[in-house]
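First the structure, in the form of structure tokens, and then the observations on it.
The values are calculated or read from the model by the stated rules, or taken from the named source; none is laboratory data. What you see is a predicted model, and the numbers here were worked out from it, not measured in a lab. Here Cβ is always computed from backbone atoms with ideal geometry, including for glycine, and neighbour counts include all displayed protein chains.
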């Protein structure tokens, strides 16, 4: 199978920045694929509270355009994703029409912890690109059963990899997760579970 994208944009979770260990590890592992690790405007301004979704989505679109231009690729050959909120914002931008060839959704925040009634799924049926979900089996933002059930509405092909016993972070398994992302983007098979 051919490579799923010609460049990759990675967005961070709400509480971190472009230097989160997972993003750094993914960039190193997918080399020489061009990668941009972005920061959202509130982080650049030194604030801790995330901007509202329209501002976050505009930032994703701007960074995607910049990476497409710097890598010299067609917009439809860009892969996007990231951790938690960053992956969610990338998926929302793609659902809203941003060209892409793949989505990498790490620790996808299906709902706030303890609030399974507050689902963040409205945009999922509009996704038509291949999606990779990598989450811990004990992630309070969504169980494997919840994520699989709601991701079934995604029109594109979906791959799930579950990190055994991990919560929203997977500290000692960062390299294994990066390996999964690299293999999936390269079109190689990936395991259903990481021990």
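A few points about this structure:
- Test result for residue 65, part of a helix (DSSP H, G or I) and surrounded by fewer than 18 Cβ atoms within 10 Å (Cβ to Cβ): yes
- Among (1) out of contact with any helix residue (DSSP H, G or I) (no Cβ under 8 Å at 6 or more places or on another chain); (2) within 18 Å of residue 25 (Cβ to Cβ), the one test that residue 185 misses: (1)
- Among the numbered conditions (1) touching a strand residue (DSSP E or B) at 6+ places or on another chain (Cβ under 9 Å); (2) farther than 22 Å from residue 126 by Cα, the only one that residue 147 does not meet is (2).
Yes/no matrix, rows are residues, columns are (1) modelled with pLDDT under 95; (2) within 24 Å of residue 95 (Cβ to Cβ); (3) crowded, with 16+ Cβ neighbours inside 10 Å; (4) under 13 Å from the mean Cα position of the chain (by Cα):
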site	(1), (2), (3), (4)
8	no, yes, yes, yes
29	no, no, yes, no
42	no, yes, yes, no
58	no, yes, no, no
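- Among the residues of the range 3-34, those identified as under 16 Å from residue 180 (Cβ atoms), in contact (Cβ under 8 Å) with a residue 24 or more places away in the chain and not in a loop (DSSP other than H, G, I, E, B) are 8, 10, 21, 22, 23, 25, 26, 28, 29, 30.
- One residue stands out among those in the range 76-99 that are touching a residue at least 60 places away in the same chain (Cβ under 8 Å) and not in a helix (DSSP H, G or I): the one that is surrounded by the fewest Cβ atoms within 10 Å (Cβ to Cβ), which is 78.
- Hits in the range 111-131 - residues which are under 20 Å from residue 184 (Cβ atoms) and surrounded by 17 or more Cβ atoms within 10 Å (Cβ to Cβ): 124, 127, 129, 130, 131
- Filtering the range 100-127 to residues that are over 15 Å from the mean Cα position of the chain (by Cα) and in a loop (DSSP other than H, G, I, E, B) leaves 111, 112, 113, 114, 115, 116, 117, 118, 119, 122.
- Matching residues, the range 44-56, being touching a helix residue (DSSP H, G or I) at 6+ places or on another chain (Cβ under 7 Å) and either modelled with pLDDT under 95 or not in a helix (DSSP H, G or I) (or both): 49, 50, 51
- Residue list for the range 132-167, filter: surrounded by fewer than 20 Cβ atoms within 10 Å (Cβ to Cβ) and in a loop (DSSP other than H, G, I, E, B): 137, 138, 140, 143, 152, 153, 155, 156, 157, 164, 165, 167
- Check on residue 70, exposed (fewer than 15 other Cβ atoms within 10 Å of the Cβ) and either out of contact with any strand residue (DSSP E or B) (no Cβ under 7 Å at 6 or more places or on another chain) or in contact (Cβ under 8 Å) with a residue 40 or more places away in the chain (or both): yes
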